[in-house]
């Protein structure tokens with residue numbers, strides 16, 4: 001972790017949604033994370049593993065069932081609503097669907113200018129000037145600021161969403177699959193815009209994706225989620241080249257390689273279990289391909305440090321010292 | 001002939017922007033014609049004092065039941081004839097347009113505001129307020145509207161305030177249901193989450209972000225409700241418990257002419273036709289508006 005210090009801390013964050021009589025959908029289960037200033041954390045997992053919910057919890061768009069979230073020493077869940085509202089601009093979300101996240105009845109100038117008006121920046125001319133500056137930063141033509149969202153392409157709309165987040169002068173950006181709905185040719189451009197701005201303003205970022213190869217390019221650390229839990233967390237290089245959790249290994253084996261031998265893909269048996277009926281013991285044991293020990297079916301493994309700064313939630317994960 | 005198309009024309013959507021929707025509406029000839037008729041009625045009502053040839057309540061004992069000018073015995077003084085008290089029908093019709101439209105607008109505005117405000121609050125905050133309101137609305141829906149209005153008006157006697165309240169009593173329920181349903185959908189939208197994440201206040205999110213998105217169906221509903229209210233007012237006035245007798249109203253006029261409908265057909269027929277034409281036009285215009293503003297409501 002960088003020496004800048006911790007920006008956001010999530011401790012035992014849990015989100016259960018009611019799902020009928022006496023049943024709950026365990027979207028996020030006891031997740032603890034820390035984000036340092038300027039750091040990029042990649043959050044990977046299959047669809048339905050709770051990564052979007054975790055993203056929304058971390059920027060307080062959902063209220064956790066249990067757990068704590070601290071921003072810079074402030075307990076965000078135990079402050080009055082108006083104080084929380086003032087802190088919100090510091091945590092900004094970039095949404096997956098750039099059409100749904102822009103109000104169809106507002107012009108781009110109104111959309112990007114909203115955070116400025118909330119910050120009570122006064123004067124139409126000053127707001128317009130700043131909006132044009134922000135649009136320039138994300139590579140949009142400021143002269144189009146009077147148009148409506150439907151007059152832009154998907155990539156342009158995503159740039160508008162980024163400009164709006166930037167207008168808040170955030171410290172942490174949570175990007176939820178920001179390029180998943182875009183053409184491949186546009187994806188790289190949008191990622192580049194995000195990285196440039198992150199470097200320029202020293203922003204911390206949580207980059208959510210189902211694609212571990214995309215995440216590995218942009219992140220310093222990677223967290224792998226399975227069924228509402230973080231099962232592996234560590235420096236990006238370590239997680240990619242020396243994965244400790246069998247699930248991470250399976251994800252990585254599915255990534256196509258160029259110029260090196262493709263390892264045989266590890267196919268996981270069965271489907272991801274329902275988050276309404278999470279398996280007892282290790283929640284991955286129903287699909288695990290390793291030789292199991294009794295604990296796998298009885299005790300839920302916590303995250304253990306298996307190498308320096310590298311954690312895995314697996315009974316079978318050996319630390320380097322134990323392996324040799 | 002080659003046609004060049006500018007980028008703006010390609011980008012201009014068919015629906016969704018004000019100019020685009022106006023073009024669609026103008027393309028609907030029936031709606032345009034209906035809109036013009038409605039405007040004529042509004043103009044007639046507004047300008048009644050200036051263009052009415054006579055005082056609508058002035059009784060001319062020497063000109064009782066004068067037929068319209070094209071019938072034998074008709075005169076150019078009373079273009080559409082006079083009623084059994086010798087009052088000029090044309091002037092009374094013009095003033096009648098005034099009260100019908102005035103009451104319609106007043107009742108629709110009240111019900112629109114009340115229904116939308118309550119519906120938005122119920123849909124956004126849910127909880128006990130939504131639960132209580134939904135029971136109230138279910139109860140009101142089971143209430144026969146005209147019978148209730150009859151009871152109120154019979155108790156208070158013809159007066160305008162009671163009439164507006166009686167007509168508005170149940171009308172807000174429709175606006176409530178539309179507003180609540182649309183807010184329920186809108187509150188889950190990402191743009192609402194985004195606004196919350198930016199630090200926007202709840203009143204701003206409701207009025208600034210959600211309201212603009214739910215207005216179109218409410219406008220359509222308001223137009224269609226207007227027709228219902230005009231009919232209801234005319235019905236109550238016909239029964240003698242609507243508009244006070246000192247104010248000329250179409251419903252009252254039809255009722256007055258009822259006894260003479262064979263010997264002096266014009267007294268009841270002209271106001272009857274006016275009700276028919278105005279309500280028909282408002283409905284047709286409302287349906288044209290619906291096709292443009294809210295296509296999913298089309299059947």
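The values are calculated or read from the model by the stated rules, or taken from the named source; none is laboratory data. Keep in mind that what you see is a predicted model, and the values were worked out from it rather than measured. FYI the Cβ positions are ideal-geometry reconstructions off the backbone, even for glycines, and counts take in every protein chain you see.
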- Query: Which residue out of A:7, A:71 is in contact (Cβ under 8 Å) with a residue 24 or more places away in the chain and in contact with a helix residue (DSSP H, G or I) (Cβ under 8 Å, 6 or more places away or on another chain)?
  - Reply: A:71
- Message: Here's a check for you: in region B:185-194, which residue that is within 15 Å of residue A:105 (Cβ to Cβ) and facing another protein chain (nearest Cβ under 7 Å) is surrounded by the most Cβ atoms within 10 Å (Cβ to Cβ)?
- Response: B:194
- Query: Being at pLDDT 90 or above, in a loop (DSSP other than H, G, I, E, B), surrounded by fewer than 22 Cβ atoms within 10 Å (Cβ to Cβ) and within 14 Å of chain A (Cβ to nearest Cβ), is that true of even one residue in region B:201-216?
  - Reply: yes
- Query: Can you name every residue in region A:41-63 that is part of a loop (DSSP other than H, G, I, E, B), touching a helix residue (DSSP H, G or I) at 6+ places or on another chain (Cβ under 6 Å) and more than 14 Å from chain B (Cβ to nearest Cβ)?
  - Reply: A:45
- Evaluation of residue B:111 against (1) at pLDDT below 90; (2) on the phi < 0 side of the Ramachandran plot (one fails), failing number: (1)
- Within region B:66-94, considering residues that are in contact with a strand residue (DSSP E or B) (Cβ under 7 Å, 6 or more places away or on another chain) and closer than 15 Å to residue B:260 by Cβ, the one surrounded by the fewest Cβ atoms within 10 Å (Cβ to Cβ): B:66
- Of the numbered conditions (1) touching a helix residue (DSSP H, G or I) at 6+ places or on another chain (Cβ under 9 Å); (2) at pLDDT 90 or above, residue B:239 fails exactly one; give the number of that condition. (2)
- Task: Kindly list the number of the only condition in (1) closer than 17 Å to residue B:79 by Cβ; (2) within 22 Å of the chain's Cα centre (by Cα); (3) outside any helix (DSSP H, G or I) that fails for residue B:243.
- Result: (1)
- Item | Test result for residue A:173, within 12 Å of another protein chain (Cβ to nearest Cβ), crowded, with 19+ Cβ neighbours inside 10 Å, on the phi < 0 side of the Ramachandran plot and not in a helix (DSSP H, G or I) | yes
- Note on the structure: So the helices (runs of 4 or more DSSP H) completely within region A:65-137 holding 1 or more residues that are away from every other protein chain (no Cβ under 13 Å) and surrounded by 14 or more Cβ atoms within 10 Å (Cβ to Cβ) are A:108-118, A:124-137
- Message: Please count how many residues of region B:260-290 are free of Cβ contacts under 8 Å to residues at least 40 places away in the same chain and more than 30 Å from residue B:21 (Cα to Cα).
- Response: 7
- Quick one: which residue in A:203, A:191 is within 19 Å of the chain's Cα centre (by Cα) and over 23 Å from residue A:255 (Cα atoms)? A:203
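To keep it simple, each residue is scored yes or no on (1) surrounded by 13 or more Cβ atoms within 10 Å (Cβ to Cβ); (2) in a helix (DSSP H, G or I); (3) touching a strand residue (DSSP E or B) at 6+ places or on another chain (Cβ under 6 Å).
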| site | (1), (2), (3) |
| --- | --- |
| A:230 | yes, no, yes |
| A:249 | yes, yes, no |
| A:263 | no, no, no |
| A:275 | yes, no, yes |
| A:292 | yes, no, no |
| A:297 | yes, yes, no |
- Message: Regarding region B:248-263, can at least one residue be identified that is away from chain A (no Cβ under 14 Å) and at positive phi?
- Response: no
- Query: Is it fair to say residue A:160 is more than 21 Å from residue A:184 (Cα to Cα) and crowded, with 17+ Cβ neighbours inside 10 Å?
  - Reply: no
